[in-house]
Structures are given as C-alpha cells and as structure tokens.
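What follows is a short report on a single structure.
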Amino acid sequence: MSNVKAENRVRFGVPADAMVFARGVRKSYGQLEVLKGVDIDVPAGSVACIIGPSGSGKSTFLRCINHLEKLTGGILLVDGEFVGYDLRGDRLYEVKDDELCQRRAEIGMLFQSFNLFSHMTVMENVIEAPTQVRRVPVDRAKAEAEVLLARVGLSDKIDRYPRELSGGQQQRVAIARAMAMKPKVLLFDEPTSALDPELVGEVLQVMRDLAGSGMTMVVVTHEIGFAREIGDQLIFMDGGAIVERGNPREMIANPQSPRTREFLSRVL
Ligand code: ADP
Ligand code: MG
C-alpha cells in the first residue's frame, strides 16, 4: 500500500478492506443538486447493487466513481486513492490529469448501450486498451483476450464485428474488454436494460461468474432477482440520496422505508 493510501485510510477512517468508499458525495449541475450526500462502502471482492427510480442519480454516482464527473463535495476513494475532490479537510485535492488516466484505467465500466468500437473486431476491441494504454505487447494481449473471450463464451466470435453479434453477445464482449484491463472494480450501469428478455440471462450468468471469482462490482440494475442472488448489499436511491440499504434478501422481503416498498412493488 502506498503512503498516500495509508495516509488517506487513517485520515478518513477507511476500513482496511474498502475498495470503494464514499462519504457525503455531492454533485450539482448548476442549480440542480443531483447527488445530495451519498455514502457507500464496497469491500473488496463484494457486489453492491443499486436500485432506484429513473432520475434518482444512480448513473451520476457511477460516473463520479469512474472520474467521468467531478464531485462538488464529499470524499470518494477507490482502493484508498482519491477520486475528484476532497472538500472536507482544509486542503482541496483534485486528481491531476496524468493521474486521472491511470486511475480510470483501473476502473471498468459497462453501459446499457455496450459502446463497443464498431469498426473493430471482437479481438481488436478487447486488446485495444491493454495495448494502447498499458503498452502490453500484442501477442500477450491476444493470448489474454482469448482466455477472457472463452470465459464469456465467445471463442467462436473472435473475428466478428459488433454488428454481427446479438446484444447479449456484444455486452459479453464489452465485459471481456473491461476485464482485459484487470480493473480493481467493475461498474455496471443497467447492463441488461437494452437487451431482449431472452438475452438477459446470458449476461447475468457472466456477471454471476465474475462475482464468484471475487471481482468487486457495483451494479445499477432493475434485475431484482439478480440483486437478491448475487448482491452482498442492496442500496435503494431516490432523489439523489440513499434511502435504504441492507442485505438484499432481507430488504426485498421486508423493506423498511415506504418509498423502498413502493418502488419494489412496482419492479417485482
Ligand atoms: P438515474 O441514472 O438514476 O436515472 P441520473 O444520474 O442519470 O439518474 O440523473 C439524475 C439527475 O441528474 C436527472 O435529473 C438528470 O436529468 C440530471 N442530469 C444527469 N446528467 C446531467 C447533466 N450532464 N447535466 C444536467 N443534468 C444532468
Ligand atoms: Mg441511469
């Protein structure tokens, strides 16, 4: 552990096993406050599932973790290192651009819309970042990609283009591509929402395998069954704040807040 990390952990009381640690995270767009003080603890090797109505700030929060948005307040650490600002102490800390690229490379993000490079084959998609950002030799990157593509069940699609694949296959390529960077944490923003119902299962199966292999994951999803089965914690967000959190089984069976109850009754 670097000295910076050790110092941060002591200073903010970060648990030793924390991978993602947020306290009072705020984000505003002009007058609109989208995140109103979000706290989260995601221990390494665990899965946190986030649910909540549209517009509640789920995507914005993931984007903050991934350095795609700058916080307007609070503390956010990934593996003990700062994301964005720390406004609590007397010092204002902002991640510098050269660090930003490195940090972002350590965090994988999956989107509803897959976002594959359409002009590249499956293999080219998977080796792009390792070879360009991490300077991994092409042969090694390809060998690693083959292992990852086998893991997501796509060994036979290596030379295909995204348009030749189903949505479920494209999302599995996107997962293999994210894994190729050996991320510390994977963020999923409604990864199955754009899929036809019969393709949802194959993507959830890949995610289930990743969780089983000890990957740290933060998953925004409407798949309540998946959250109950795989989630180590379930977080319900509404209006830019966390309303309720807990053990997924307990929370789904017996939500404490009327807002959680009302939301679950609509999606279950
Ligand atoms: P969710 O993912 O839970 O549906 P979002 O994080 O996408 O919610 O959005 C939360 C709120 O922030 C919404 O009111 C949305 O309109 C607003 N918002 C998101 N991104 C921006 C932006 N770039 N500029 C202004 N408002 C935004
Ligand atoms: Mg969203």
For the subset of region 117-147 comprising residues that are in contact (Cβ under 8 Å) with a residue 12 or more places away in the chain, of a type in the set (D, E, K, R) and more than 22 Å from G167 (Cα to Cα), which member is surrounded by the fewest Cβ atoms within 10 Å (Cβ to Cβ)? R134
If only one of E229, E244 is of a type in the set (D, E) and out of contact with any Ser or Thr (no Cβ under 7 Å at 6 or more places or on another chain), which one is it? E229
It is to be established whether one or more residues within region 165-173 are crowded, with 21+ Cβ neighbours inside 10 Å and touching a strand residue (DSSP E or B) at 6+ places or on another chain (Cβ under 6 Å). no
Just checking, does region 200-218 include any residue being under 16 Å from the mean Cα position of the chain (by Cα), buried (at least 21 other Cβ atoms within 10 Å of the Cβ), at pLDDT 95 or above and within 16 Å of ligand 1 (Cβ to nearest atom)? yes
Which members of region 16-44 meet the condition of being part of a loop (DSSP other than H, G, I, E, B) and either among the aromatic types (F, W, Y) or modelled with pLDDT of 90 or more (or both)? D17, G30, Q31, A44
Those residues of region 175-192 that are under 24 Å from G52 (Cα atoms) and in contact with a strand residue (DSSP E or B) (Cβ under 9 Å, 6 or more places away or on another chain) come to a total of 8
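Evaluate the following for K58: is it within 11 Å of ligand 1 (Cβ to nearest atom), in contact with a strand residue (DSSP E or B) (Cβ under 9 Å, 6 or more places away or on another chain) and among the basic types (K, R)?
Answer is yes for this residue.
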Does A194 meet the test of being within 16 Å of ligand 2 (Cβ to nearest atom) and in a loop (DSSP other than H, G, I, E, B)? yes
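Looking at region 114-131 only, could you name the residues that are modelled with pLDDT of 95 or more and within 25 Å of I65 (Cα to Cα)?
L116, F117, N125, V126, I127, E128, A129, P130, T131
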Consider region 46-76. How many of its residues are part of a loop (DSSP other than H, G, I, E, B) and out of contact with any helix residue (DSSP H, G or I) (no Cβ under 9 Å at 6 or more places or on another chain)? 5
On the given criteria, is L268 crowded, with 21+ Cβ neighbours inside 10 Å, more than 23 Å from G153 (Cα to Cα) and away from ligand 2 (no atom under 16 Å from the Cβ)? no
The one condition G153 fails out of (1) of a type outside the set (A, V, I, L, M, F, W, C); (2) surrounded by fewer than 21 Cβ atoms within 10 Å (Cβ to Cβ); (3) touching a helix residue (DSSP H, G or I) at 6+ places or on another chain (Cβ under 8 Å); (4) farther than 20 Å from M215 by Cα is (4)
Out of all the residues in region 173-195, is one or more more than 18 Å from the chain's Cα centre (by Cα) and more than 30 Å from Q256 (Cβ to Cβ)? yes
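The values are calculated or read from the model by the stated rules, or taken from the named source; none is laboratory data. Values in this document were obtained by computation on a predicted structure and should not be read as measured data. A quick note on method: Cβ atoms are made from the backbone with ideal geometry, for glycine too, and the neighbour counts reach across all protein chains shown.
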